[in-house]
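Enquirer: Input: one structure, supplied below.
The values are calculated or read from the model by the stated rules, or taken from the named source; none is laboratory data. Computed from a predicted model, the values in this text were never measured in an experiment. In this analysis, Cβ positions are derived from the backbone assuming ideal geometry, glycine residues included, and neighbour counts consider all displayed protein chains. Please note that ligands, DNA and RNA were not included when accessible areas were found on the heavy atoms of the full protein model with its side chains. Shrake-Rupley method; radii C 1.70, N 1.55, O 1.52, S 1.80 Å.
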Amino acid sequence: MSSTSSRPALSRRTLTLATATVLALISLTACGTSSDGADSDSGGTVQLDVNGQPPKTQAFERKLFDKHVRQFEKANPDIDIVPHEGFMDPKTFNAKLAGGKLEDVFYVYFTDTRSLIEKKQAADITDAVKDMPHRDDVQDPLMKIFQDERGRQYGLPTSNYSMGLLYNRALFEKAGLDPDRAPKTWADVRKAAKKIAALGDNTVGYADFSANNQGGWHYTAELYSRGGRIATESDGKWKAAFNTPEGKATFQDLYDMRWKDDSMGSKQLLQVEDVQRMMGSGKLGMYVSAADNITVIAKQFGGKYEDYALAPMPDAKSTLLGGEGYMINPKASPAKIKAGVKWIQWRYLNPGLIEKNVADYAGAKLPVGIPMPTVPDIFEGAVRDRIEKVKQGNATMPTANYQAFMDSAPKVPGVIEPPEAQQVYAVLDSAMQAVLTKKDADIDALLDDAENKVDAIYSTS
């Protein structure tokens, strides 16, 4: 994902500022994080640089975002939104912050919030969110991802995903399985995978990733579902925590499906596109996935929405949680912080706007119905129920196929990725590859080796 400093002309106020002189425009660009002049607390207009604007290649999403900017400015004439394409690039973040080029409101992944808070690279917005509309309707575990150990707030969640079991209903029926009764345990998955693979014609019962760090990522999701953890923290230090009965059982089930049941096929070292292609061609029964894969399979790999269902993770003791949100530049003035919180809430945490978005997406014949944006599952209670009802009423795909997943979501604890996730996943990738490609793989030895390597990563981080 790229981040640029381009400033599309969206509002009359932005245009007025831009036409003053070239030097004025340069000055405004350079002081995007300053707290003097128009963005002071003495009144006047607050200019707010925000990122997250979709690229022009996403024409519908870009048009909708730009419309929202105009609507927000009309409702808040004291705030001038200056949008920037792109999101957060960890490679350039520190340089942008140090050079005064970081936007006032910036996108962030859940996995980065802790580090940003510890390094004081995000503003404390606790006071600004106390009276924020719908504050108490946002899922508290998501809010805590943006809090420090004292409970101070440093950002807001705007979307999240959790992993589930994606399966092919058509293959379930063909294999004599009930497509309305997804496997509830990993033992159930193994039994179902064996029946699906028995259909022959290169049909695979269950597939998993094992390359480009994606194997480590999926191992993490599968371990979490059993109640295990990749790492635990004590006195501010992290240590590997997966060399456990749960960690071994995760590998053992994969080994047994691969080598004893022959239900995973002979082709391994798969990545997400490989598995999506298999699912789209009707040759794969199940794999662990987030909801967004359904759209990709249907749009890019020839699948039919009605053929796919998403169920809770097997065993469902917890689930891998990911997502995104927005934080505010630590150099922002109180006026910018207040304006930034108002923008984030209005644009991303606004049930009324989300309901309008659902209608807009449905009117444009875009996917509505799967548990992902434009209907982010970030609320709870009556507000969540209200938004789900609107989604059901505007659905362009079979929502019944995902209902079990949605019903379970509030009940299954979400756990974010471990620290230094990509380095850890690279280590676990090697273990996944061995389990799936070597019939003589020694799971105990693989776990011991991976544990030592992950502990080494944490000892230097």
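Enquirer: Which value, in Å², gives the accessible area per residue of segment 353-398 when a 1.4 Å probe is used on the protein heavy atoms?
Expert: On the way: 1980 Å² over 46 residues.
For segment 353-398, the solvent-accessible area averages 43 Å² per residue.
Enquirer: Any of LYS63/LYS356; LYS191/LYS283; LYS174/LYS365; LYS120/LYS342; LYS248/LYS453; LYS184/LYS317 with alpha carbons more than 19 Å apart? Name them for me.
Expert: Working: LYS63/LYS356 14 Å; LYS191/LYS283 17 Å; LYS174/LYS365 31 Å; LYS120/LYS342 22 Å; LYS248/LYS453 17 Å; LYS184/LYS317 11 Å.
Result: LYS174/LYS365; LYS120/LYS342 exceed 19 Å.
Enquirer: Now for a separate question. Distances longer than 18 Å among the Cα atoms of segment 114-178: what percent of all pairs is that? If you can, show how the numbers build up before the last one.
Expert: Numbers: 1080 of 2080 pairs.
Considering segment 114-178, 52 percent of its Cα-Cα pairs are separated by more than 18 Å.
Enquirer: What is the gain in length, in nm to one decimal, between PHE60 and SER234 on full extension, counting 0.36 nm per residue of separation less the C-alpha to C-alpha distance? Display every interim value, and only then the final one.
Expert: Working: separation 174, 0.36 × 174 = 62.64 nm, distance 4.68 nm.
Gain in length upon complete extension: 58.0 nm.
Enquirer: For LYS96, LYS453, give the ranking by accessible area with the largest first, probe 1.4 Å. Walk me through the numbers on the way to the answer.
Expert: Values: LYS96 40, LYS453 100 Å².
Per-residue accessible area, sorted high to low, gives LYS453, LYS96.
Enquirer: Hey, could you get me the Stokes-Einstein D for segment 334-461, Kirkwood radius over alpha-carbon pairs, 25 °C and 0.890 mPa s, rounded to whole µm² s⁻¹?
Expert: Details: Rh = 18.7 Å.
It diffuses with D of about 132 µm²/s by this estimate.
Enquirer: Dipole size in debye (nearest 20) for the chain around its Cα centre, Lys and Arg Cβ +1, Asp and Glu Cβ -1?
Expert: Details: 56 positive and 61 negative charges, 217 e Å.
My answer is approximately 1040 debye.
Enquirer: Just the number: Rg to Rh for segment 187-312, Cα atoms, Kirkwood Rh, two decimals. Could you put the intermediate results ahead of the total?
Expert: Details: Rg = 15.6 Å, Rh = 15.5 Å.
Answer for segment 187-312: 1.01.
Enquirer: Would you mind telling me the antiparallel percentage of the DSSP bridges in the chain, rounded to 5? Intermediate values should be presented prior to the final figure.
Expert: Values: 27 of 39 bridges.
Bridges in the chain that DSSP calls antiparallel: roughly 70 percent.
Enquirer: Another question, then. Express the carbon and sulfur contribution to the solvent-accessible surface of the chain as a percent, rounded to the nearest whole number, probe 1.4 angstrom.
Expert: It is 51 percent, rounded to a whole number.
Enquirer: I would also like to ask the following. Under the rule of at least 5 residues apart or a separate chain, name every residue whose amide H is placed under 5 Å from the amide H of GLY164.
Expert: Excluding prolines and chain starts, which carry no amide H, the hits are SER289, ALA290.
Enquirer: Return the ratio Rg/(2.2 N^0.38 Å) for the chain, where Rg is computed over Cα atoms only.
Expert: 1.04
Enquirer: How tilted is helix 421-437 with respect to the longest principal axis of the chain? Cα atoms for both, answer in degrees (0 to 90, nearest 10).
Expert: 20
Enquirer: Rounding to the nearest 10 and keeping the result within 0 to 90°, find how far the Cα-based axis of helix 245-255 lies from the longest principal axis of the chain.
Expert: 70
Enquirer: Next question, about the same structure. Leaving ligands, DNA and RNA out of it, rank ASP80, ASP127, ASP292, ASP66 by accessible area with a 1.4 Å probe, largest first.
Expert: The residues order as ASP127, ASP292, ASP66, ASP80, largest area first.
Enquirer: Using only the alpha-carbon atoms, how far is helix 59-75 inclined from the longest principal axis of the chain? Give it as 0 to 90 degrees, nearest 10.
Expert: 40
Enquirer: Could you state the accessible area per residue of segment 162-206 in Å², with a 1.4 Å probe and every protein chain left in place? Numbers along the way, then the final one.
Expert: On the way: 2180 Å² over 45 residues.
Heavy-atom SASA per residue in segment 162-206 reads 49 Å².
Enquirer: So what does GLU233 come to for accessible area, using a 1.4 Å probe and Å² rounded to 10?
Expert: The value for GLU233 is about 80 Å².
Enquirer: To the nearest 500 deg cm²/dmol, what mean residue ellipticity at 222 nm is calculated for the chain from DSSP H runs of n ≥ 4 alone, each contributing -39,500 (n - 2.57), summed and divided by the residues?
Expert: Values: 19 runs with 198 residues, N = 461.
Value at 222 nm, helices only, nearest 500: -13000 deg cm²/dmol.
Enquirer: Given the Cα-Cα distance of ASP140 and ASP407 and 0.36 nm per residue of separation, how much length would full extension add, in nm? Don't skip to the answer; put the middle values down first.
Expert: Values: separation 267, 0.36 × 267 = 96.12 nm, distance 1.78 nm.
Contour length minus the Cα-Cα distance gives 94.3 nm.
Enquirer: Okay, next question. Which pairs in the list LYS130/LYS389; LYS56/LYS91; LYS267/LYS304; LYS239/LYS299 are over 30 Å apart, alpha-carbon to alpha-carbon? Intermediate values should be presented prior to the final figure.
Expert: Values: LYS130/LYS389 28 Å; LYS56/LYS91 23 Å; LYS267/LYS304 24 Å; LYS239/LYS299 41 Å.
From LYS130/LYS389; LYS56/LYS91; LYS267/LYS304; LYS239/LYS299, over 30 Å: LYS239/LYS299.
Enquirer: So for segment 90-215, what are the equivalent ellipsoid semi-axes in whole Å, largest first, each being the square root of 5 times an eigenvalue of the Cα gyration tensor? The partial results should precede the final answer.
Expert: On the way: eigenvalues 396, 77, 27 Å².
Square roots of five times the eigenvalues give 45, 20, 12 Å.
Enquirer: Still on this structure, I have one more. As a test of reading the structure, rank TRP259, TRP186 by solvent-accessible area (1.4 Å probe, protein chains only), most first. Write down the numbers at each step before the final one.
Expert: Values: TRP259 60, TRP186 10 Å².
Putting TRP259, TRP186 in descending order of accessible area: TRP259, TRP186.
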